Structures are given as C-alpha cells and as structure tokens.
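Engineer: Before we start, here is the structure in question, set down as structure tokens.
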Amino acid sequence: MRHVSEGGGTRGGLRLREAVRAVPRTLREDLWTVARDPLPSLRWLGRLPHAHAVLFAVLMGLANVNQYEPQFESPTAPAATTAVATAVTLLVVLQSGAAVLALSRPVPAWWLSTLALFLARTVGETKISHAPLWSWSFPGIALHTLVLFLLALRVRPRVAAEALGLTLLSGLAALAFAAPGQQPSLLQDAVTCTTAVVVGASLRGRRVARSQLVEQEVRTADERARRTLLEERNRIARELHDVVAHHMSVISIQAQVAPHLVKDPTDELKENLAGIRENAVEALTELRRVLGVLRSEDAPSDGVRHAPQPTLGRLDELVGKVRGTGLAVNTETTGEPRPLPPGVDLSAFRIVQEALSNAMRHAPGAAVRVDIGYRSGGLTLRVTNSAPDRPAPPSPGAGHGLLGMHERTAMLGGELATGPTPDGGYEVTAILPTDTTKPAEPGEDAP
C-alpha cells in the first residue's frame, strides 16, 4: 500500500515538474509575438473609441511628465540631471505610444509599456512628486491599465492573465529599487490592473459569444435553406416519378402489342421487341425502387398519391377555386394551344398554382391576371397581381413557392423572373422550352 502511495507521489511530482518546465514555452508561445490584431470598430460608435484612446494617451502622457521630479544626491550635477530627465521623458513618451500601439498590436504594446514602467521607476534616483501610494505615477498606471484592457479585449483570458502576472512581478522587482523612504504598496496597482483585465476579458467573452451566435444563426439559416431545397426537389421528383412511370409503362405495353400488329413477324423482330419490353419493365422497377424512397411516411393515401398529375387542362378548375376565396382572377391565352410534354405541362400548372397561392397569401383583395402564351418552341407564363387593399396576415413559416418555381424552371432549362411591380403588386414570369429532345446546356438561353 505504501508502495502505491509512493508511486502516486512520484507520478504527481513528475507531472508538476513537467508543468513547471512547460511554463516558459507557454509564455513564449502566448506573449512572444508581434502579430497584428486591430481593435474592431463598434457598430454604432464606429472608430470613436479609438480616437478617445489616443486622446487619453496624449493627456496622460503630458500629466505623467509632470509627476516625476528627478532628485540626486549631488545637486551640483546639472548634466546628469538633464540626462535623467530626458530618459524619463523618453520613457513616458514610449508608454503613451504603447497605449496607441495597443489599438493594433496589443502584445508588443504591453511589452513596451511594462518595460517603460519598470525603467521609469528604476532609472537614476527619480521619485514621484505626490504621496507614494502607487508603485508608479498615477498617469503611468492609468496608461498601463489601458494597455492591459485593450490586450484583454483581443487575446484569450489565459494570455491576459499571464500578462497581468508578469506586470505584477515587474512591479515587485521595481519596488526593490525604491528609495529607503519610499516603499509604496503594490496593492492599488494590482487591484487596478486586475480590474482592467477582468473587464476586458468579460467584454471579449461577450463579443465572442455574440459572434458565435451569429455564426450559428448563419449556419442554421444555410442548413434550413438547404433542407428546404432538398424537400422541394423531393416533391418535384415525386411528381415527375408518376409522369416517367407512365411513359415507361406505355413503352412496355407497346413493345408487347407490336408483334401482334405485324403479319408474320420475324423471330429477330420478336426478340428485339421482347428485349425492349424487358428493359422497360426493369427500368420501371428500378425507377419505382429508387424514387419510391422519396415518399415520406406521412405521404397522402395511395388513392391521392397515384392520381393523375395536374396539367394546364385543369387551369379553369384551379382558377375557379381561387375565385371562391374572394380573389378576382382573369385569364388570357395567346397562341394556339397544343399538347405539351408531360414534364412541361405539370411544371407549368405548378408554377401558376404557386403564384396564385402567393397572391392569396400575401396580396389579399388584389386583382390577379394569368397570361399563358403558346409560341414556337416554348411556353410563356405570366402571373401578376395588383397591390393588396389590406395588410396581409402573418405567414405561418417560410414557404417553398418561389424556390419550387426556380427549381422547376431550371430543371426544364427555362427562365424565371420574379419581383415587385411599380404599382405595388407582384409579378411572376416563366419561359419554359417545349423542345425536350435535348437537355439545355448550362447558361443557354431559353428559346
């Protein structure tokens, strides 16, 4: 049992020695740097605090010069008096400059301010003109407190604590050079500097927490937008699944019936048609297996889910339902209506449906106009509404309307433009190509 205790004590001693040996390396990594770390501007005040810090450094520097009165054992040495006075003035200027430097390089500024304070106390036989309650002059400690505060605003709390500890150690070392009749206490200096570090570290922690919160909100918004996009694409895929499945079923049936429509079909023809039907059935099975997973657990019932997908042929039915809600809707069709590819027909209906839904939701009491233009190689949809006659009720969450329109239009290689109108209304214009024999190239204009 004693052996175990001795082993534990040995391991504890080793850890302690390793921690002590690691202190110089840690201090060197944290404080031996000249990296630039500018103080950021505030949201409302801009760089006004920076100007105040510079003004404070200048005023404290002027006051600091008047606080030191060189005194020497031999008053008959004016040259020495001038030299010491010049040295002290230079150190005071350096300390004021350190406070300004702390706005951009806090760690080098702290080193400069600490060195200036130490030398100002120890050079020659200088003393403070007022009652020596402080290790340094009051303006000097005020300037160093500002440097520590600006340092704690930018660096980690551990680095700020290390700088505070070294500051107090330098104060203790400076007291060793004080005159016998002047033995000021370091307590006031320690309290002032510690307060500055604590306040600066607290403000930094608050700023870091706010930045992390904003970053998290941005990530959440991006994730929500990505999830919304995936949900809308899944919905489009579920709808197109039925369209593609219908065509594959037709191919399979035609391949099965074709041999009976030909008199004395050759074995080669029968074999090719059987291969076409087999491939169509396999493709249909794989399509249902892959796209079937896109259907959520709370999907509609089978009867609703497998109902025929809507087309522009049901536009009058859709407009009638919208009019039943009290919204005035007018429709106009230009060009010669013709059968459209199933994907285009479905997407056109959904775009008009989403535009009317947005008008009902965001423009109560407005007049809505739906224009459908059949033209060579394409279909033009335009849904506009006038300004609402009353405020719209709050929307229960973010919808997928505009996102769905963009996805459907991009899928077909078309163009979509949405935005407010000069009279306070809103407009949705979509151009859908009907030539689906070849996919649209990226960046290719819709016909």
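The values are calculated or read from the model by the stated rules, or taken from the named source; none is laboratory data. Everything numeric here is computed off the predicted structure, so don't read it as measured data. Because the Cβ atoms are built from the backbone with ideal geometry, glycine has one as well, and the counts that use them run over all protein chains shown. Accessible surface is based on the protein model in full, side chains and every heavy atom, while ligands, DNA and RNA are left aside. Shrake-Rupley method; radii C 1.70, N 1.55, O 1.52, S 1.80 Å.
Engineer: Just how much of Phe56 is accessible, in Å², when a 1.4 Å probe is used and the result is rounded to the nearest 10?
Structural biologist: Solvent-accessible area, nearest 10 Å²: 80 Å².
Engineer: Rank Thr33, Thr434, Thr82 by accessible area, highest first, at a 1.4 Å probe radius?
Structural biologist: From most accessible down to least: Thr82, Thr33, Thr434.
Engineer: Also, quick follow-up: What is the distance, in nm, between label points placed 7 Å from the Cα along the Cα-to-Cβ direction at His260 and at Thr33?
Structural biologist: Roughly 8.2 nm, to one decimal.
Engineer: Just by accessible area at a 1.4 angstrom probe, what is the order of Lys270, Lys321, Lys263 from largest to smallest?
Structural biologist: Largest to smallest exposure gives the sequence Lys263, Lys321, Lys270.
Engineer: Something else now. Could you list which residues have their amide H under 5 Å from that of Val329, counting only those 5 or more apart in sequence or on another chain, with H placed in the peptide plane?
Structural biologist: Here the answer is Val368, since their amide H atoms fall under 5 Å of that of Val329.
Engineer: Continuing with this model, one more query. So for Leu48, Leu112, what's the accessible-area order with a 1.4 Å probe, most first?
Structural biologist: Final ranking, largest accessible area leading: Leu48, Leu112.
Engineer: Rounded to the nearest 10 Å², what accessible area does Asp37 have for a 1.4 Å probe in the complete protein model?
Structural biologist: For Asp37, solvent-accessible area is about 50 Å².
Engineer: From the backbone phi of the stretch 195-200, what are the Karplus-calculated ³J(HN,Hα) couplings (6.51 cos²θ - 1.76 cosθ + 1.60, θ = phi - 60°) in whole Hz, Gly and Pro given as x?
Structural biologist: Working through the residues one at a time gives 4, 4, 5, 5, 5, x Hz.
Engineer: Out of Leu229, Cys193, Ala258, whose Cα points farthest toward the positive end of the dipole of the stretch 186-258 (charges: +1 Lys, Arg; -1 Asp, Glu; placed on Cβ)?
Structural biologist: Cys193
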